[in-house]
Amino acid sequence: MKVLVTDKISEKSIQILKEEVIVETNYNLTPEELAQKIKDFDALIVRSGTQVTKEVIGAADNLKVIGRAGVGVDNIDIHAATQKGIIVLNAPEGNTIAAAEHTIAMMLSLSRNIPSASNSVKRNEWERKKFMGVEIKDKVIGIIGFGRIGREVAKRVRAFGMRVLVYDPYLSRETARSKGVELVDFEILLKTSDFITLHVPLTDKTRNMIDREEFAIMKPGIRIINCARGGIINEEALYEAIKQGIVAGAALDVFEIEPPTKDNRLLTLDNVIATPHLGASTREAQENVSLDVVKDVLRALKGEQVKNPINMPTIKDEDYEKIKPYMVLAEKMGKFYVQFKNGRINEIEMIYNGEISRFETKIITISALKGILSVFLQESINIVNAPVIAKERGIRIKETKSPEIENYNNLVTLKVKTDKTTGSVSGTIFAKNDPRIVKIDDFYIDLVPEGYVLLTSHRDQPGVVGRVGTILGENDINIATMQVGRKYPRGEAIMALTVDEIVSKDIIKQLEQVKGINKMHLVIF
Ligand code: NAD
């Protein structure tokens, strides 16, 4: 495997890569140069400097994964990567502590006027009255966005004796309670807080979420900190709110335009503290993001579950052992189904019964889809691009879950609606890791989904099994296992034979001549 690193990452992380793969470092490539180079590589590691354009991805014939050492992935064409089945991953955790600590530093600097006071002393002034501060103990801090960084900030400010309010519409009350914070409405947070700190991503919803209307209802004397993204606070509105005395101070690590332009009026105010996007700039954070991304890229190259994918569903580490065998099973079920049923697929439904229904099953469903699509498409289909390709082809995907069980502790059923029929195949995992297909439409069976399988639909009558055995024997095809499923004696039946050799079309035709057999399919796993 070959990995290309096009922005600087830590030396230690390069060494870790080198223990397992061939590494080439090549910085400052233009997109054109990168497009030329990329086709030999299995993985690409970047920071924000490299532009991974559609053209680069178009030329990346061997690329399996793009790793971003850091968070933002605006420099990577995720859509093009997804369509090509390339995993894009980032390293969002490595700088959490750095950003949280910077937020605390900003808050304390604001409350005690440290930057201005320091500058004043350096000008040989001794202005003790001018820089009278406020304590943070017993003050109310409103944290907007309670993700990784918001939570770390909360832990630290609680230690200072602050009361913590949180606004995050995607957070449950139980989670908030367990972290010792009060989940409140946006308006209450704005009206009640002495300090506000922002920890949301910049999205259409969060752009200008702190604007004139919001400043208008804030407690006069509020201090505000933005170590998240520029654009979440409207800078003009903030300037006005400071001038009007609503806001006593603002600490900004991020700006609408970075670096801020000379005419940014906020920079003229003494009670504005500004740092040049330093939130993640600690030695530890830089090392962490490099190590995190390298480890995740190596996982992707080995086909293991990656920790921080951008364009595929995630599984929690602790669920991986349970889910992985079902992913394998589902893929085999999908592959199996489309090799013996005809028709244009309109919808697939995955039905989960038993304990497995309690897990995040999306990746299992996508595995079934991958199995289905890989039978009739030339493109390389994987967990990343299967949902996109299914959507392009108008295949609807559904999931149904129920903890109820019938014959098996865990049963996964793939139901497929085509323009001709609706059919299903069900499977389970025996022991810990042993996939079985246990039902095809209404027929119970016990099939190990491996190698070559001959599947009949026939009438249950004496002689069929014997004749099939004889024909295969005459053609030197060795039968490994045989399973018959029937609804009732001498009724409709199916037979699944696993065989050691591939069976030619001619032999299948001979088998279809056997009295009682309607149809014979060869399924290859
Ligand atoms: P995260 O994804 O872990 O958390 C974001 C939280 O925001 C989530 O809990 C989400 O539910 C919440 N959220 C989303 N939309 C919201 C809305 N409209 N209102 C309220 N809450 C909302 O992210 P994180 O790792 O904690 O990072 C937070 C921010 O910090 C991001 O913008 C990130 O880019 C930025 N960041 C900046 C620096 C820096 O150098 N200054 C460093 C790291 C991260």
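Given the DSSP H assignment, sum -39500 (n - 2.57) over each helix run of at least 4 residues in the chain and divide by its residue total; what's the result at 222 nm in deg cm²/dmol, nearest 500?
-10000 deg cm²/dmol
Got a sec? Which residues in segment 251-270 would a label at Lys205 touch, if it sits 7 Å along Cα→Cβ and we count backbone N under 12 Å?
none
Using the C-alpha gyration tensor of segment 198-280, what are the square roots of 5 times its eigenvalues, in whole angstrom, with the largest one first?
Semi-axis lengths for segment 198-280 are 18, 16, 11 Å.
Compute the separation of the alpha-carbon centres of segment 343-366 and segment 39-77 and state it in Å as a whole number.
What the calculation gives is 31 Å, centre to centre.
Residues in segment 220-243, backbone N under 13 Å from the label point at Arg265 (7 Å along the Cα-to-beta-carbon vector): list them, ranges by number please.
235-243
I want to check the label-to-label distance for Asp185 and Arg486. Put each point 7 Å from Cα in the C-beta direction and report it in nm to one decimal.
6.9
Keeping every protein chain present and rolling a 1.4 Å probe, give me the accessible area per residue for segment 96-274 in Å².
So segment 96-274 comes to 52 Å² accessible per residue, rounded to a whole number.
Normalising by the residue count of segment 1-121, find the relative contact order in percent from Cα pairs under 8 Å and 6+ residues apart.
20
What is the extension gain from Leu377 to Thr25, computed as 0.36 nm multiplied by their sequence separation minus the C-alpha to C-alpha distance, in nm to one decimal?
Separation in residues times 0.36 nm, less the Cα-Cα distance, equals 123.2 nm.
Please state the Cα pair-distance histogram of segment 65-162 with 5 angstrom bins from zero: what percent is in each bin?
With 5 Å bins starting at 0, P(r) equals 2, 11, 15, 14, 11, 11, 11, 8, 7, 5, 3, 2, 0.
Among the lysines, select those whose C-alpha is under 24 Å from the C-alpha of Lys505, and discard any that sit fewer than 8 residues away in the same chain.
Lys505 reaches Lys332, Lys335, Lys341, Lys515, Lys519.
Tell me, what is the 1.4 Å probe accessible area of Leu63, in Å² to the nearest 10?
10
Taking 8 Å as the Cα distance limit and 6 or more residues as the minimum spacing, I'd like the relative contact order of segment 342-400 as a percentage.
Reported relative contact order: 56 percent.
Using r as the Cβ-Cβ distance of Ile479 and Asp441, and R0 as 25 Å, what FRET efficiency do you calculate, to the nearest 0.05?
The computed FRET efficiency comes out at 0.60.
Keeping all protein chains in position, work out how much accessible area Glu258 exposes to a 1.4 Å probe, and write it in Å² to the nearest 10.
90
Taking only protein heavy atoms into account and a 1.4 Å probe, give the accessible area per residue of segment 317-524 in Å².
Result: 50 Å² per residue.
Just check segment 133-249 against the gyration tensor rule for me: Cα atoms, a ≥ b ≥ c as the square roots of the eigenvalues, rounded for a/c under 1.5, and otherwise prolate or oblate depending on whether a/b exceeds b/c.
Oblate.
What is segment 444-484 by shape, rounded, prolate or oblate, if you read a ≥ b ≥ c off the alpha carbon gyration tensor as root eigenvalues and call it rounded for a/c under 1.5, prolate for a/b larger than b/c, and oblate otherwise?
Here segment 444-484 falls in the oblate category.
Taking a cut-off of 21 Å between Cα atoms, list the lysines near Lys191, but don't count ones fewer than 8 places away on the same chain.
Within the straight-line limit of under 21 Å, Lys191 reaches these lysines: Lys137, Lys139, Lys205, Lys219, Lys243.
Indicate the gyration tensor shape class of the chain (rounded, prolate or oblate), computed on the Cα atoms with a ≥ b ≥ c the square roots of the eigenvalues: a/c under 1.5 is rounded; otherwise a/b larger than b/c is prolate and the rest oblate.
Cα axes put the chain in the prolate bin.
Using a cut-off of 18 Å between alpha-carbon atoms, which lysines can reach Lys39, once sequence neighbours fewer than 8 places away in the same chain are excluded?
Qualifying lysines at Cα under 18 Å: Lys2, Lys54, Lys64, Lys84.
Treating the Cα atoms of segment 317-524 as identical point scatterers in vacuum, please give the log10 of the normalised Debye intensity I(q)/I(0) at q = 0.11, 0.13, 0.19 Å⁻¹, two decimals.
Evaluating at q = 0.11, 0.13, 0.19 Å⁻¹ gives log10 I(q)/I(0) of -0.53, -0.74, -1.37.
Mind checking segment 231-277 for trypsin sites (Lys or Arg not before Pro) that DSSP puts in a loop (not H, G, I, E or B) and that have at most 14 other Cβ atoms within 10 Å?
Sparse-neighbourhood loop trypsin sites (Lys or Arg not before Pro): Lys262.
Antiparallel versus total DSSP beta bridges in the chain: what percent is that, nearest 5?
Percent antiparallel among DSSP bridges in the chain is about 50.
Hey, what did segment 317-524 get for relative contact order, percent, Cα under 8 Å, at least 6 apart?
RCO, segment 317-524: 21 percent.
Hey, any idea what % of segment 96-274's accessible area is carbon plus sulfur with a 1.4 Å probe?
About 50 percent, which is the carbon plus sulfur part of the accessible surface.
How far is it, in nm, from the label point at Asp138 to the one at Glu213 when both lie 7 Å from their Cα along the line to the Cβ?
Inter-label distance under the simple model: 3.5 nm.
With a 1.4 Å probe and all protein chains left in place, how much of the accessible area of segment 388-450 comes from carbon and sulfur atoms, in whole percent?
45
How high is the FRET efficiency from Glu125 to Lys12, r the C-beta distance, R0 60 Å, rounded to 0.05?
For R0 = 60 Å, the calculated efficiency reads 0.85.
Please report, largest first and rounded to whole Å, the three semi-axes of the ellipsoid equivalent to segment 209-349, where each semi-axis is the square root of five times an eigenvalue of the C-alpha gyration tensor.
The answer is 50, 21, 13 Å, longest axis first.
Can you compute the FRET efficiency between Val388 and Glu236 using 1/(1 + (r/R0)^6), with r the Cβ-Cβ distance and R0 = 35 Å? Round to the nearest 0.05.
0.30
Quick one: Karplus J couplings for segment 200-212, per residue in order, coefficients 6.51, -1.76, 1.60, θ = phi - 60°, nearest Hz, x for Gly and Pro?
10, x, 8, 9, 4, 6, 9, 4, 6, 5, 10, 10, 3
The values are calculated or read from the model by the stated rules, or taken from the named source; none is laboratory data. Quick caveat, the model's predicted, so the values are computed rather than measured. Because the Cβ atoms are built from the backbone with ideal geometry, glycine has one as well, and the counts that use them run over all protein chains shown. What goes into the accessible areas is simple: the full protein's heavy atoms, side chains included, and nothing from ligands, DNA or RNA. Shrake-Rupley method; radii C 1.70, N 1.55, O 1.52, S 1.80 Å.
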